[in-house]
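The values are calculated or read from the model by the stated rules, or taken from the named source; none is laboratory data. Quantities reported herein were computed from a predicted structural model and do not represent experimental measurements. We place every Cβ from the backbone using ideal geometry, glycine too, and count neighbours over all the protein chains shown.
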Amino acid sequence: MPHFEISTYASQLFWLAVTFGLTYVIMAYVCLPKVGRVLHNRQIRIQGDLEKAHSFQRESEKLAEAYAKKLASSQETARSLVTAAQEKSRTRLEGEAARLQKSLLEKTNKALAEIDSRRDGAMKEVQDNSAVVIADIVAKTSGVEVAADKIRFK
């Protein structure tokens, strides 16, 4: 085996040094700078993306805060509108109820007056008829003529 022969060690060590040196130079001056640039560009891009993400996060937090304020303001406005509408409805309903109550009271009083008037008329008619009947009874039983308009009821 040629690589174990002592007579070829010098040439093997020479070619090993040349190959190693050449490989080192190619790696140090060609490949590694390209890899370094790629890694550096990648790091810059990652850093830029992280800065953008932080910027978007801050912006979204500001938007969320503005949205929360706007939502709270809208809810307060809605609450005040609902309260105003309830108060307006309550006032209108109270006015309508008072008007209806007054109308019912007037109709009730009118109906009671009509009932009283008819009752008085009916009583007058009953008394007039009773007076005629009493005058006839007195005339037939006692023979004394009494005028029906002279008979009074207490």
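Here are some notes:
- Only residues that are among the charged types (D, E, K, R) and surrounded by 10 or more Cβ atoms within 10 Å (Cβ to Cβ) were counted in segment 111-154, giving 10.
Residues checked against (1) surrounded by 10 or more Cβ atoms within 10 Å (Cβ to Cβ); (2) in contact (Cβ under 8 Å) with a residue 60 or more places away in the chain; (3) of a type in the set (A, V, I, L, M); (4) touching a helix residue (DSSP H, G or I) at 6+ places or on another chain (Cβ under 8 Å):
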{"site": "S11", "(1), (2), (3), (4)": "no, no, no, no"}
{"site": "T19", "(1), (2), (3), (4)": "yes, no, no, no"}
{"site": "L39", "(1), (2), (3), (4)": "yes, no, yes, no"}
{"site": "L50", "(1), (2), (3), (4)": "yes, no, yes, no"}
{"site": "H54", "(1), (2), (3), (4)": "yes, no, no, no"}
{"site": "A64", "(1), (2), (3), (4)": "yes, no, yes, no"}
{"site": "S74", "(1), (2), (3), (4)": "yes, no, no, no"}
{"site": "A84", "(1), (2), (3), (4)": "yes, no, yes, no"}
{"site": "N109", "(1), (2), (3), (4)": "yes, no, no, no"}
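- Qualifying position, being more than 40 Å from the chain's Cα centre (by Cα), part of a helix (DSSP H, G or I), small (G, A, S) and at pLDDT 95 or above, among A72, A111, A66: A111
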